[in-house]
Amino acid sequence: MKDTMLETPAIELKGIRKTFKLSDSRDADTVLALDDVNLSIRKGEFLTIIGPSGCGKTTLLRIIASLEEADEGEVIVDGEPVTEPGTRRAMVFQTFGLFPWKTVIENVTFPLMIRNFPADEARNTAMRHIKRVGLEKFVDAYPHQLSGGMQQRVGLARALSTGADILLMDEPFGAIDAQTRELMQEELLRIWEEERKTVIFITHDLDEAVLLADRVLLMSRGPGKVREIIPVDLPHPRFDYDVRAHENFAKVRGHIWHQLRNDLVQQREEEVS
Amino acid sequence: MKKRTKSDIRRDQLIGLAVFLAAWEITAQIMGNKLVLPAISQIFAALWDLISSGELILALGESIWLLIVGLTISTIIGFILGALVARSRTAYWMLNPYFSALFATPTIALVPLVLVWFGFGFPGRVIVVVLAAVVPIMFSVASGLRDDPKDLVDVARSFGVKGELALLYRVRVRAALPVLLAGLRLAAGRAVVGMAVAETYLRLGGIGGLIKAYGSMFQTDYVFAAILPLSLLGITIVSIIGRIERKLHWT
């Protein structure tokens, strides 16, 4: 294995802090959503983020994507601090984020057209990735004509065709039925094993978090903080064997569940009292 | 009941039309009073006379021009006010009562004021059309832009769309387009009414002027011959907008 300590990290977070106002009024109470989040993600790493609801994991991803600004702290992409969305990072959204008035191909070419790619080059690139996710028969379909799983494949094809080397995925399979989700996980991992892009993947599904990750970031809530980072030692390609039956899978899953469970129980006790 | 195909509907419409025209013709022949109810044949003769003399084409041109100018100005004003009202609650509560009042007031009631303030020339007529048409456009812009498609705005931003203006036209306006066009269609219908009012009550001109002129000479067949293209004009405009609407709607 290469010495990863010397390489510039794909993404570095330094002291990220974020507060939200509870209402629009000027003197509204604020709530601390993220407090002092520090993190370093290697190039080509698959990091999943899991935590109890309300721990600020989506906010953290939005800050990494520069869709939201942190109150304090820095997001550093490949050594450079960033404040605006950039072409190195591409996002996949929980609700798919497809433009309902655009066809599949128009949705996938959208980021390229924004960057003024020639139309035929954009189309070729888009077609290659649409084929990759198996939707070549649906290039001219509209999103509402597709199932949830197919819509998210379009979302994935769109992110891939930007050529970004960092994928930011916000519970991308959360709104997809269980069986399709397993298939999508397999496809995503297959694509990742081919290209080794850096992936940050938010999920609330424990199995999914362990199944996909090189490392799982466990967050705690009130305020959102990094609680623990757990390395997942499972060989690739992971779908060539029964990953869930692997002893490391059970070990990591058990460890994370133990921690999550404590948080959840505590949260419930707070709510009761 | 079995589902009706397009040709079934067309057949029903043709039968309805034939019965209607026959009933009209028979009634007219029995009454024998051209002043009250001219026969279909007389109306078509009058229509042919209006066409061949060039009178109708000229009037239609004048009316269509008035509509185009009036609707364009209504769209611009309606868009600016609608966007303002959608963005600012203060503007909404300040302006909304007046626009609701304007929407409820028959345009014809405002004609004397327009005459005093703007005269009876072309500008006055345009104002009447705008008064009739601007409110539905403003309302539709306001309601279309108020439901902010936050998720899609984020998508666009994340893929490099920068600036409020670019986000407005790439996402917000496009997402609101079906609502905007529905408002424009409603506005077009009202604009045709406003146009006819302006042409008959300010100064005679266009199709409205034709109708009024022949009406005051009691040439009822010519009145009908002029009403026919007027309603055709209204139907055509509304159905063109409806067609664009269907094309741009995604479900």
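The values are calculated or read from the model by the stated rules, or taken from the named source; none is laboratory data. Computed from a predicted model, the values in this text were never measured in an experiment. Note that we place each Cβ from the backbone using ideal geometry, even for glycine, and neighbour counts take in every protein chain shown. Ligands, DNA and RNA are stripped out before the accessible areas are found, and what is left, the full protein with its side chains, is counted by its heavy atoms. Shrake-Rupley method; radii C 1.70, N 1.55, O 1.52, S 1.80 Å.
Name the residue, out of A:Ala178, A:Ala126, A:Ala122, that is on the phi < 0 side of the Ramachandran plot and either touching a strand residue (DSSP E or B) at 6+ places or on another chain (Cβ under 6 Å) or open to solvent by 10 Å² or more (accessible area, probe 1.4 Å) (or both). Steps first, answer last, please.
Numbers: A:Ala126 fails: either touching a strand residue (DSSP E or B) at 6+ places or on another chain (Cβ under 6 Å) or open to solvent by 10 Å² or more (accessible area, probe 1.4 Å) (or both); A:Ala122 fails: either touching a strand residue (DSSP E or B) at 6+ places or on another chain (Cβ under 6 Å) or open to solvent by 10 Å² or more (accessible area, probe 1.4 Å) (or both).
Step by step, each of A:Ala178, A:Ala126, A:Ala122 is checked, and only A:Ala178 is on the phi < 0 side of the Ramachandran plot and either touching a strand residue (DSSP E or B) at 6+ places or on another chain (Cβ under 6 Å) or open to solvent by 10 Å² or more (accessible area, probe 1.4 Å) (or both).
Do you know which of the residues in segment B:95-130 that are open to solvent by 70 Å² or more (accessible area, probe 1.4 Å) and β-branched (Val, Ile, Thr) is farthest from B:Gly61 (Cα to Cα)?
Taking the candidates together, the pick is B:Val116.
Given the conditions (1) outside any helix (DSSP H, G or I); (2) open to solvent by less than 10 Å² (accessible area, probe 1.4 Å); (3) out of contact with any Leu (no Cβ under 8 Å at 6 or more places or on another chain), and given that A:Ala209 satisfies all but one, which numbered condition is not satisfied?
Failed condition: (1).
Of these, B:Ile73, B:Ile26, which one is open to solvent by 70 Å² or more (accessible area, probe 1.4 Å) and of a type in the set (Val, Ile, Thr)? Walk me through how you get there before you give the answer.
Details: B:Ile73 fails: open to solvent by 70 Å² or more (accessible area, probe 1.4 Å).
Going through B:Ile73, B:Ile26 in turn, the sole match is B:Ile26.
Any residue in segment A:91-101 that is farther than 20 Å from A:Leu168 by Cβ, open to solvent by less than 80 Å² (accessible area, probe 1.4 Å) and not basic (Lys, Arg)? So that I can check it myself, show each step before the final result.
Our first condition is that a residue be farther than 20 Å from A:Leu168 by Cβ; within segment A:91-101, this holds for A:100-101.
Remaining after also requiring open to solvent by less than 80 Å² (accessible area, probe 1.4 Å): A:100-101.
Now restrict to residues that are not basic (Lys, Arg): A:100-101.
Scanning segment A:91-101, I find at least one residue that is farther than 20 Å from A:Leu168 by Cβ, open to solvent by less than 80 Å² (accessible area, probe 1.4 Å) and not basic (Lys, Arg), so the answer is yes.
Being in contact with a Ser or Thr (Cβ under 8 Å, 6 or more places away or on another chain) and more than 30 Å from B:Trp250 (Cβ to Cβ) is the requirement here; does A:Glu45 meet it?
Numbers: in contact with a Ser or Thr (Cβ under 8 Å, 6 or more places away or on another chain): yes; more than 30 Å from B:Trp250 (Cβ to Cβ): yes.
Criteria met by A:Glu45.
So which residues in segment B:198-226 are free of Cβ contacts under 8 Å to residues at least 40 places away in the same chain and either surrounded by 16 or more Cβ atoms within 10 Å (Cβ to Cβ) or on the phi > 0 side of the Ramachandran plot (or both), if there are any at all? Reasoning before the result, please.
Here is the first cut: in segment B:198-226, the ones free of Cβ contacts under 8 Å to residues at least 40 places away in the same chain are B:200, B:204, B:211-217, B:223.
Within segment B:198-226, B:Thr200, B:Leu204, B:Ile211, B:Lys212, B:Ala213, B:Tyr214, B:Val223 qualify.
Return the pair list, or none, for Cβ contacts closer than 9 Å from residues in segment B:149-164 that are facing another protein chain (nearest Cβ under 9 Å) and on the phi > 0 side of the Ramachandran plot to residues that are open to solvent by 20 Å² or more (accessible area, probe 1.4 Å) and assigned to a loop (DSSP other than H, G, I, E, B), at least 6 apart or on different chains.
Hits for this filter: B:Gly160/A:Glu84; B:Gly160/A:Pro85; B:Gly160/A:Gly86; B:Gly160/A:Thr87; B:Gly160/A:Arg115.
Residues of segment B:158-182 being out of contact with any helix residue (DSSP H, G or I) (no Cβ under 7 Å at 6 or more places or on another chain) and part of a helix (DSSP H, G or I), which ones? Before the answer, list the steps.
Taking segment B:158-182 and keeping what is out of contact with any helix residue (DSSP H, G or I) (no Cβ under 7 Å at 6 or more places or on another chain), we get B:158, B:162-166, B:168-169, B:173-174.
Scanning segment B:158-182 gives B:Ser158, B:Glu164, B:Leu165, B:Ala166, B:Leu168, B:Tyr169, B:Val173, B:Arg174.
Considering only residues that are surrounded by 14 or more Cβ atoms within 10 Å (Cβ to Cβ) and away from every other protein chain (no Cβ under 14 Å), which ones fall in segment B:237-251?
B:Ile237, B:Val238, B:Ile241, B:Gly242
Considering each of B:Leu186, B:Leu131 in turn, give the residue that is more than 14 Å from every other protein chain (Cβ to nearest Cβ), touching a Pro at 6+ places or on another chain (Cβ under 8 Å), in a helix (DSSP H, G or I) and at pLDDT 90 or above. Lay out the reasoning, then the answer.
On the way: B:Leu131 fails: touching a Pro at 6+ places or on another chain (Cβ under 8 Å).
Only one candidate passes the filter, namely B:Leu186.
Inside segment A:114-129, can you point out the residues that are aliphatic (A, V, I, L, M) and away from chain B (no Cβ under 14 Å)? I'd like the intermediate steps shown before the answer.
Residues of segment A:114-129 that are aliphatic (A, V, I, L, M), as a first pass: A:114, A:119, A:122, A:126-127.
Hits for segment A:114-129 are A:Ala119, A:Met127.
Pairs, please: C-beta under 6 Å, at least 6 apart or cross-chain, first residue closer than 11 Å to B:Ala132 by Cβ and in segment B:109-120, second open to solvent by 100 Å² or more (accessible area, probe 1.4 Å)?
Here the result reads B:Val111/B:Tyr201, each pair linking segment B:109-120 to a residue that is open to solvent by 100 Å² or more (accessible area, probe 1.4 Å).
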